[in-house]
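Peer 1: The structure is given below, and queries will be raised subsequently.
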Amino acid sequence: QSVLTQPPSVSAAPGQKVTISCSGNTSNIGNNYVSWYHVLPGTAPKLLIYDNNRRPSGTPDRFSASKSGTSATLDIIGLQTGDEADYYCLTWDNSLSAAVFGGGTKLTVL
Amino acid sequence: QIQLVQSGPEVKKPGASMKVSCKASGYDFNIYGIAWVRQAPGQGLEWMGYISGYNGHTNSAQMFLDRVTMTTDTSSSTAYMEMRSLRSDDTAVYYCARRSTGPGYTLDVWGQGTSVTVSS
């Protein structure tokens, strides 16, 4: 059971928008930056967003993220079938002195 | 280009040990640290620990403290993760990842993963 809570699954039609949430507390999200990753089946995770809302080169601007209080959100607009993947949030937890991942969210593009 | 290349798949018996390597190239190994992450079949990503490329300082998740040792060989820009007393629930894909500099905990470059199967 992760200390960061994500919905197990989300779905939307191609071209639509989807939002994935990541909920924590003051020990983790509330006082640390959040990064986001996607994992395509059979492949290594890939960084999507870092420092709450910054996109590395290579991440399309269809992906955006934000943080407010003890929660973070990843938004994907203009959904494509290639976006189907598992998405994870990651941050540092001051109480655990450890990095923690969210439980992951499976995105289905209907 | 910047990459991390991991050692090949392993099959181990319960109680055995394993050692996964992660060779870095394309950047200064001493500036960045390496984190280890695993993903069991059908499960999510699990952070195991981190080792500094600069001074070898480590920190680990509580559940791995007594069974995992992380080391580096700066002469070959290689990080290692050794796990002892393997159990069937250690069956997973193990990844190394570079922790980027900057304020957040960001893993910006990932190895291809090493599949480890623990079975009698």
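All of the numbers you see were taken from the coordinates with simple rules; none came from a lab. Bear in mind the structure is a predicted one, so any value in this text is a computation, not a measurement. So basically every Cβ, Gly included, is an ideal-geometry build from the backbone, and we count neighbours across all protein chains shown.
Peer 1: Sort out for me the Cα centre separation of segment B:63-81 from segment A:51-69, rounded to whole Å.
Peer 2: If we compute the Cα centre of each part, the gap is 31 Å.
Peer 1: Under a crude label model (7 Å from the Cα following the beta-carbon direction), how far is A:Ser95 from B:Ser119 in nanometres?
Peer 2: The answer from the label model is 3.9 nm.
Peer 1: Calculate, for B:Asn55 and A:Ser64, the FRET efficiency according to 1/(1 + (r/R0)^6) with r their C-beta to C-beta distance and R0 41 Å; round to the nearest 0.05.
Peer 2: Details: r = 36 Å, r/R0 = 0.88.
The computed FRET efficiency comes out at 0.70.
Peer 1: Can you list the HN-Hα couplings for segment B:10-18, worked out from phi with the Karplus curve (6.51, -1.76, 1.60; θ = phi - 60°), rounded to whole Hz and with x for Gly and Pro?
Peer 2: 9, 10, 10, 8, x, x, 7, 10, 9
Peer 1: Taking the Cα centre of chain B as origin and charging only Cβ (+1 Lys, Arg; -1 Asp, Glu), how large is the dipole, in debye to the nearest 20? The partial results should precede the final answer.
Peer 2: Numbers: 10 positive and 9 negative charges, 40 e Å.
Computed about the Cα centre, the dipole is about 200 debye.
Peer 1: With N set to the number of residues, divide the alpha-carbon radius of gyration of the protein assembly as shown by 2.2 N^0.38 Å and report two decimals. Intermediate results must be reported in sequence, preceding the final value.
Peer 2: Details: Rg = 17.2 Å, N = 230, 2.2 N^0.38 = 17.4 Å.
Compactness ratio reported: 0.99.
Peer 1: Tally Lys and Arg at +1 and Asp and Glu at -1 over the other residues with C-beta under 11 Å from the C-beta of A:Asn53: what net charge comes out?
Peer 2: Values: positive: A:Arg54, A:Arg55, A:Lys67; negative: A:Asp51, A:Asp75.
Result for the local shell: +1.
Peer 1: For chain B, what number results from the quotient of the Cα radius of gyration and 2.2 N^0.38 Å?
Peer 2: On the way: Rg = 13.6 Å, N = 120, 2.2 N^0.38 = 13.6 Å.
Ratio of Rg to 2.2 N^0.38 Å for chain B: 1.00.
Peer 1: Between B:Ser85 and B:Val5, what is 0.36 nm times their sequence separation minus the Cα-Cα distance? Round to one decimal in nm. Mind dumping the intermediate values first?
Peer 2: On the way: separation 80, 0.36 × 80 = 28.80 nm, distance 2.50 nm.
Contour length minus the Cα-Cα distance gives 26.3 nm.
Peer 1: Under a no-solvent Debye model with one identical scatterer per Cα of chain A, what's log10 I(q)/I(0) at q = 0.16 Å⁻¹?
Peer 2: Per q value, in the given order, log10 I(q)/I(0) is -0.65.
Peer 1: Run through segment B:2-105 and list the chymotrypsin sites (Phe, Trp or Tyr not before Pro) located in a DSSP loop whose Cβ has at most 15 other Cβ atoms within 10 Å.
Peer 2: Numbers: sites: B:Tyr27, B:Phe29, B:Tyr32, B:Trp36, B:Trp47, B:Tyr50, B:Tyr54, B:Phe64, B:Tyr80, B:Tyr94, B:Tyr95, B:Tyr105; in loops: B:Tyr27, B:Phe29, B:Tyr32, B:Tyr54, B:Tyr105.
When the chymotrypsin sites (Phe, Trp or Tyr not before Pro) of segment B:2-105 are filtered for loop state and at most 15 Cβ neighbours within 10 Å, B:Tyr54 remain.
Peer 1: Looking at chain A only, what percent of DSSP beta bridges run antiparallel? Nearest 5 please. The partial results should precede the final answer.
Peer 2: Working: 29 of 34 bridges.
Bridges in chain A are about 85 percent antiparallel.
Peer 1: Sticking to Cα atoms, compute the Rg of segment A:1-43 to one decimal and its Dmax as the biggest Cα-Cα distance, whole number, in Å.
Peer 2: For segment A:1-43, the Cα radius of gyration and maximum Cα-Cα distance read 13.1, 37 Å.
Peer 1: In addition: Using the Kirkwood radius over Cα pairs, work out the Stokes-Einstein diffusion coefficient for segment A:53-105 at 25 °C and 0.890 mPa s, in µm²/s as a whole number. Walk me through the numbers before you get to the answer.
Peer 2: Numbers: Rh = 12.9 Å.
Taking Rh from Cα pairs, D becomes 191 µm²/s.
Peer 1: Here's a follow-up. Taking the beta-carbon count within 10 Å as an exposure proxy, list B:Arg87, A:Arg55 from fewest neighbours to most.
Peer 2: The most exposed by this proxy come first: B:Arg87, A:Arg55.
Peer 1: Cα gyration tensor of segment B:1-58, axes a ≥ b ≥ c as square roots of the eigenvalues: rounded (a/c below 1.5), prolate (a/b > b/c) or oblate? Before the final figure, lay out the partial values.
Peer 2: Details: a/c = 1.81, a/b = 1.73, b/c = 1.05.
Cα axes put segment B:1-58 in the prolate bin.
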